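Shown next, in structure tokens, is the structure this report addresses.
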Amino acid sequence: MRAELSTFDRRMEMLSILMNHKLISRLELARRFSVSDVTIGEDIIALSRFAPIASKMGRYGGVYIIDEYKREKVYLSVDEEILIEKLIQNLSGKDKQLLQMVLYKFAMPKA
């Protein structure tokens, strides 16, 4: 995995991995993203506010997303948000309002 990922991008990729794997260990996630186990723990806590992440203890343990979960919302990356904010500055009237609504709908909730 690329080491230069932002926190947001790492967490979004982590969410994608969790959705595509039945179970994955924190150690494997830390290796994939070249970060510490502590960082993965913080990421899991942050992601658990938006997705039902569970953990299984023991030798064959790890983290996973419960089967019933379906990702209903896709969020913008930080770079995408910045670009839209720049574009909004050059608009007016209905176009400006419309783009602000797009930003509002798809921006990652602020913690």
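Observations on the structure shown:
- Selection of GluC sites (Glu not before Pro), region 5-106, meeting DSSP coil and at most 16 other Cβ within 10 Å: Glu68, Glu72
- Per atom type, the chain shows carbon and sulfur on 55% of its accessible surface, probed at 1.4 Å.
- Average accessible area per residue (Å²) across the chain - probe 1.4 Å, nucleic acids and ligands excluded: 71
- Counting 0.36 nm for each residue step from Lys22 to Lys86 and taking away their Cα separation leaves a gain of 19.1 nm.
- Derived scalar couplings ³J(HN,Hα) [region 27-38; Karplus, 6.51 cos²θ - 1.76 cosθ + 1.60; whole Hz; x for Gly, Pro]: 4, 5, 5, 4, 5, 4, 9, 6, 10, 7, 4, 4
- Residues of type aspartates and glutamates that Lys96 reaches as a straight line, Cα spacing below 13 Å, ignoring anything fewer than 8 places off in the same chain: Glu85
- Of the residues Arg31, Arg59, Arg11, the one that moves most in a GNM of the chain with alpha-carbon contacts below 10 Å is Arg59.
- Cα pair distances in the chain, grouped into 10 Å bins until the bin that holds the longest one, percent each: 13, 40, 27, 14, 6, 1
The values are calculated or read from the model by the stated rules, or taken from the named source; none is laboratory data. For clarity, every value in this text was computed on a predicted model and none was experimentally measured. Note that we place each Cβ from the backbone using ideal geometry, even for glycine, and neighbour counts take in every protein chain shown. Just so you know, the surface numbers come from the protein's heavy atoms only, side chains and all, with ligands and any DNA or RNA stripped out. Shrake-Rupley method; radii C 1.70, N 1.55, O 1.52, S 1.80 Å.
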